[in-house]
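Comments concern the structure below.
The values are calculated or read from the model by the stated rules, or taken from the named source; none is laboratory data. Worth saying up front: this structure is predicted, and the values here are computed from it rather than measured. For accessibility, only protein heavy atoms count, side chains too; no ligands or nucleic acids. Shrake-Rupley method; radii C 1.70, N 1.55, O 1.52, S 1.80 Å.
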Amino acid sequence: MREAAGGARPGPRGAAGVHAGAWWLWALALGTGATRTTNPLLLALLLTVSAYVVVTCRPDTPAARSYTAFVRLALAVLVIRLVFAVALGSPIPGTHVLLTLPEVPLPHWAQGIRLGGRVTAESLVFALYDGLKLATLLICVGA
């Protein structure tokens, strides 16, 4: 591949970069699309488009390398969301119990919060979809 002036790699538009405002509008549009659905196929499509455009069009500057940090942050958010769903329970009722954790009794002022108890497949799927939505939003904004 031919190097552009200043060591930057040329994108589809040649040596000229994409305007920062265009990047932000594009990323916010993808993020808006991510907040409108919990469909994992649509979220995966948004992630794929985001990764492809970032890899092919971003300039070779230190600020442009923040995408990997946002991907790591998104993965951490997804894992934390799943851990919270297991430890604190979920308001989503389910019939397919995967495991039952010991339940910690809480004071009366903490009604509605549960530590431990039943972990159902439905609550984990809900937490996964919800976490994936937030992770996709973070990755899109990080683009």
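Mean-square fluctuation check for the chain, GNM, Cα pairs under 10 Å: which of ALA51, ALA34, ALA121 is largest?
In the Gaussian network model the winner is ALA121.
For THR61 and ALA44, compute 0.36 nm times the residue count separating them, minus their Cα-Cα distance, and round to one decimal in nm. Spell out each step's value before the answer.
Values: separation 17, 0.36 × 17 = 6.12 nm, distance 2.67 nm.
Full extension from THR61 to ALA44 adds 3.5 nm.
Using Cα atoms only, what is the angle between the long axis of helix 121-142 and the major principal axis of the chain, expressed in degrees (0 to 90) to the nearest 10?
With both axes taken from Cα atoms, the answer is about 30 degrees.
Can you give the Rg to Rh ratio of the chain, both from alpha-carbon atoms, with Rh computed by the Kirkwood formula? It would help to have the intermediate numbers written out before the result.
Numbers: Rg = 20.4 Å, Rh = 17.6 Å.
Using only Cα positions, Rg/Rh for the chain is 1.16.
Amide H of ARG118: which non-local residues (sequence gap of 5 or more, or other chain) have their own amide H closer than 5 Å, using H built in the peptide plane?
For ARG118, the qualifying residues are LEU101.
On the accessible surface of the chain, probed at 1.4 Å, how many percent belong to carbon and sulfur atoms? Don't skip to the end; give the middle numbers.
Details: 6470 of 9220 Å².
That fraction is 70 percent.
With every protein chain present, what accessible area does THR61 have (1.4 Å probe, heavy atoms only), rounded to the nearest 10 Å²?
It works out to around 60 Å².
Calculate one ³J(HN,Hα) per residue across the stretch 65-82 by plugging θ = phi - 60° into the Karplus curve 6.51 cos²θ - 1.76 cosθ + 1.60, and present them in order as whole Hz with x for glycine and proline.
8, 6, 4, 5, 5, 5, 5, 5, 4, 5, 5, 5, 4, 4, 5, 4, 4, 5
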